[in-house]
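What follows is one structure encoded as structure tokens, with my remarks underneath.
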Amino acid sequence: MANAPFVLTIAGGGSTYTPGIVKSLMVRLNDFPLAEIRLYDIDTHRQNTIAPVVEKVICEHSQTIRFVVTNEAKTAFSGTHFVFAQIRVGQYKMREQDEKIPLRHGVIGQETCGLGGLAYGLRTIMPMVELIDLVERYADNAWIVNYSNPASIVAEGIRRLRPQARVLNICDMPVAAMRNMAAILGVDRHDITVDYFGLNHFGWFTKIWVNGKDHLPELRRHIAQHGLLTADAAQTDPQHADPSWVKTWRNIKPIMDHFPDYVPNPYLQYYLMPNHIVERQNPDYTRANEVMDGREKKLFKAAAEFKRTGILPDAFHVGVHGAFIVDVACSLAFDLRQRHLVITENRGAIANLPYDAMVEIPAYITAQGPEPVRIGNVPLFHQALLAQQLASEQLLVEAALEGSYEKVLQAFTLNRTVPTMQQAKAILDEMIEANQGYWPTLNQACHQGEAI
């Protein structure tokens, strides 16, 4: 890695998260000095709408950082040191389909979990590999810090197709949970050290340390009353404080009422209580609609107002999403060996899961990548849940690489959110139609038998 200041490229520059990430970078310039920030996106219109907001944020903190906006890979990646990847293939239009198609069949509709997550994964694996190849073609030894969802499936695809790539896959969901824990305990998020094991969006906190003391018992008592929220939920990270998120944080309570040993990742609600979630979801207005009508509309309105008046409204939040990616980049850049929860190859860290599984666990982040913390054996109940989820995700990746309809159907059927194979097939066939032009072609030659 070259000496600082760095050149940084944000792939997916038109994301609504981009201004918050850049603001997080700006307030950390002493820790992570920058010479240049580049935005790269194939959606030129969207990126050009966001870019003036980003430029304003930069100018408020630095007069020396060069700012580049491009849809050309060579311009974006030549000589860059870091790439923050946050691509969303199909944008919110396809996220809406991921959520609504399963709900029409009485099955969980969610962005990254269940069949919505599998559908999203089929769209994202190959574009992510293409991005890696572009970075490697034009940049020398750059690190890609990947936020692109669904993180487990993307990580598994990268492991199989580009095993030597300098990619660190991360997710802010456990960090958001840690922020809530910190608010409940009255400490800063960075004062908390956790033990955690699982897959992305499918794991458990087993210890929550502050100054050498495990506060899990205290959190259990609090969660039994409020879920993983402060008594005043308004103190929660605004990024995860929309009504749907408040329900998600509260749903940790019923999970722990049944299984009190560990604090679950909030997304486990979709796998452990799917009927409860489906009954309370509006099939005509899902989280995708909430985001489009909320965060996205608010930011685009602010961009238009800034263009008209030169005044930038307070339209975006600097939360754990931006702060976490900067924390990780600092540790990679300066070999800080900070401990973070990341997605990495298991290599025996969870002893009773496959060696090559892409797991989410604590690791020390060095200039050469993550050094996983050894977890040992996990309890049989958790191992079985993880093994089933892992098999579903791995079958999905195999299906993408082979163009196999059968393996997609197996992945759908095996997923805990799906009650029957008939529902899995009906949803798959409808999703094939919706994802034309996004999914790889699936060979159905041997699957034209009698309808069930």
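Going Cα to Cα from Lys207, which aspartates and glutamates come in below 13 Å? Please leave out same-chain ones fewer than 8 positions away. Once the sequence-local aspartates and glutamates are set aside, what remains near Lys207 is Asp195, Glu218, Asp261. Taken per residue, the accessible surface of the chain reaches 41 Å², heavy atoms only and a 1.4 Å probe.
The Cα atoms of the chain give a gyration tensor whose axes a ≥ b ≥ c have a/c under 1.5, which makes the shape rounded.
Annotation: the antiparallel percentage among DSSP beta bridges lying fully within region 318-444 is about 85. Packing here is the average count of other Cβ atoms within 10 Å per residue, and on that basis the peptides 10-16, 25-31, highest first, run 10-16, 25-31. Rounded to the nearest 0.05, what FRET efficiency is calculated for Val27 and Thr309 with R0 set to 22 Å and r the Cβ-Cβ distance? Once the sixth-power term is evaluated, E becomes 0.35.
Measuring from a point 7 Å past the Cα of Phe259 along Cα-to-C-beta, which residues in region 91-120 have an amide N at less than 12 Å? From region 91-120, the list is empty.
Each Cα pair under 8 Å and six or more residues apart adds its separation to the average, and for the chain the resulting relative contact order is 17 percent. Along the axis of the charge dipole computed for region 327-439 (Cβ charges of +1 for Lys and Arg, -1 for Asp and Glu, origin at the Cα centre), the listed residues Thr417, Gln436, Val378 are led at the positive end by Val378. From the cross-link list Lys93/Lys253; Lys100/Lys425; Lys247/Lys301; Lys56/Lys297; Lys23/Lys100; Lys93/Lys297, which pairs have alpha carbons spaced over 22 Å apart? Listed pairs above 22 Å: Lys93/Lys253; Lys247/Lys301; Lys23/Lys100. Solvent-accessible surface (1.4 Å probe) assigned to Arg159 amounts to roughly 50 Å². Here Lys298 is the anchor, and the aspartates and glutamates within straight C-alpha reach of less than 13 Å, apart from those fewer than 8 places off in the same chain, are Glu290, Asp314.
Of the solvent-accessible surface of region 384-451, computed with a 1.4 Å probe over protein heavy atoms with every protein chain present, carbon and sulfur atoms account for 50 percent.
Helical content alone sets the calculated 222 nm signal of the chain at -14000 deg cm²/dmol, taking -39,500 (n - 2.57) per DSSP H segment of four or more residues and averaging over every residue.
Rounded to the nearest Hz, the phi-derived 3J(HN,Hα) couplings of region 267-274 under the Karplus curve 6.51 cos²θ - 1.76 cosθ + 1.60 (θ = phi - 60°) are 5, 5, 4, 6, 9, 9, 9, x, where x marks glycine and proline.
Working ranking of peptides 398-409, 377-388 by packing, defined as the average number of other Cβ atoms within 10 Å per residue, highest first, is 398-409, 377-388. Dipole of region 131-218 computed with +1 at Lys/Arg Cβ and -1 at Asp/Glu Cβ about the Cα centre; of Leu131, Trp143, Ile192, farthest Cα towards the positive end is Leu131.
Mean separation of Cα pairs under 8 Å and 6+ residues apart, divided by the residue count of region 384-451: what relative contact order is that in percent?
Numbers: 58 pairs, mean separation 20.8, N = 68.
After rounding, I find 31 percent.
Take Glu72: with every protein chain present and a 1.4 Å probe, its accessible area is about 110 Å².
A straight line joining the Cα centroids of region 1-33 and region 37-76 runs 11 Å. Centre-to-centre separation between the Cα atoms of region 357-422 and those of region 183-236: 25 Å. The amide H of Val342, built 1.01 Å from its N in the peptide plane, has Ile361, Ala363 as neighbours under 5 Å, considering only residues 5 or more places off or on other chains. DSSP finds beta bridges in the chain, and of those with both partners inside it, around 50 percent are antiparallel. Computed from the C-beta positions of Lys56 and Glu371 and an R0 of 30 Å, the FRET efficiency is 0.20 to the nearest 0.05. Annotation: amide H of Ala142 has no partner in the under-5 Å range at sequence separation 5 or more or interchain, hydrogens built in the peptide plane. Placing +1 on the Cβ of every Lys and Arg and -1 on the Cβ of every Asp and Glu, with no other charges, gives region 324-363 a dipole of roughly 120 debye about its Cα centre. Within the accessible area of region 261-375, the carbon and sulfur atoms contribute 49%, probe 1.4 Å, all protein chains present.
The values are calculated or read from the model by the stated rules, or taken from the named source; none is laboratory data. Worth saying up front: this structure is predicted, and the values here are computed from it rather than measured. Heads up, the Cβs are rebuilt from the backbone with ideal geometry, glycines too, and the neighbour counts pull from every protein chain shown. For accessibility, only protein heavy atoms count, side chains too; no ligands or nucleic acids. Shrake-Rupley method; radii C 1.70, N 1.55, O 1.52, S 1.80 Å.
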